[in-house]
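Asker: Take a look at this one; I'll ask things after.
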Amino acid sequence: MADEKNFVLDANQELGDIVIAPEVIEVIIGIAASKVEGVYRMQGNFANNVTELLGRSTYGKGVYLTMDETGIKVDIYIYMKYGVSVPKVAMDMQNRVKQQVLFMTDVELSEVNVHVVAMIPEKTEQLDLDDFFENDEEENE
């Protein structure tokens, strides 16, 4: 028997039930969202960050599901790369997440809410101060 939190798909009842855990949908959403161009990474908590430091990927981080009478709502928390169009990336993410979840699980999402937590600038090379002062030392000698 399916747990109240699991999703039971309407399939061929002669063969039995198909039950999907919410964690599976969170992982699908996390992978689909992180593959959108312009996304730096998903927001995680301390446990997720420690897990990633140990070399394991956590794909469900930054994804929260809620279910009510209108359907399944998804909240996605992301960091974006600096310089991208926030509305374009957010709409691309909403479309991709809805399509992937529908394709892989036959579950339709009622809402996909994208929360942009921060913009991350590109990393620049650290300047070596010795390069700046190298010529001055040679001139002084």
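The values are calculated or read from the model by the stated rules, or taken from the named source; none is laboratory data. Quick caveat, the model's predicted, so the values are computed rather than measured. No Cβ is skipped: glycine too gets one built from the backbone with ideal geometry, and neighbour counts run over all protein chains shown. Keep in mind that these areas ignore ligands, DNA and RNA; they rest on the heavy atoms of the full protein, side chains included. Shrake-Rupley method; radii C 1.70, N 1.55, O 1.52, S 1.80 Å.
Asker: What list of ³J(HN,Hα) values in whole Hz, one per residue of the range 26-34 in order, does the Karplus curve 6.51 cos²θ - 1.76 cosθ + 1.60 (θ = phi - 60°) give from phi, with Gly and Pro shown as x?
Answerer: 4, 5, 4, 5, x, 5, 4, 5, 6
Asker: How many nm separate the modelled label positions at F103 and E122, each set 7 Å beyond the Cα in the direction of the Cβ?
Answerer: Output for this residue pair reads 3.0 nm.
Asker: Could you pull out every residue, at least 5 positions away or on a different chain, whose amide H is within less than 5 Å of the one on Q43? Hs are placed 1.01 Å off N in the peptide plane, and Pro or chain starts have none.
Answerer: So Q43 has HN proximity to Y77, I78, Y79.
Asker: Quick check: with the 1.4 Å probe, what order do D75, D106 take by accessible area, largest first? Don't jump to the answer; show the numbers that get you there.
Answerer: Values: D75 35, D106 110 Å².
Highest to lowest solvent-accessible surface, that is D106, D75.
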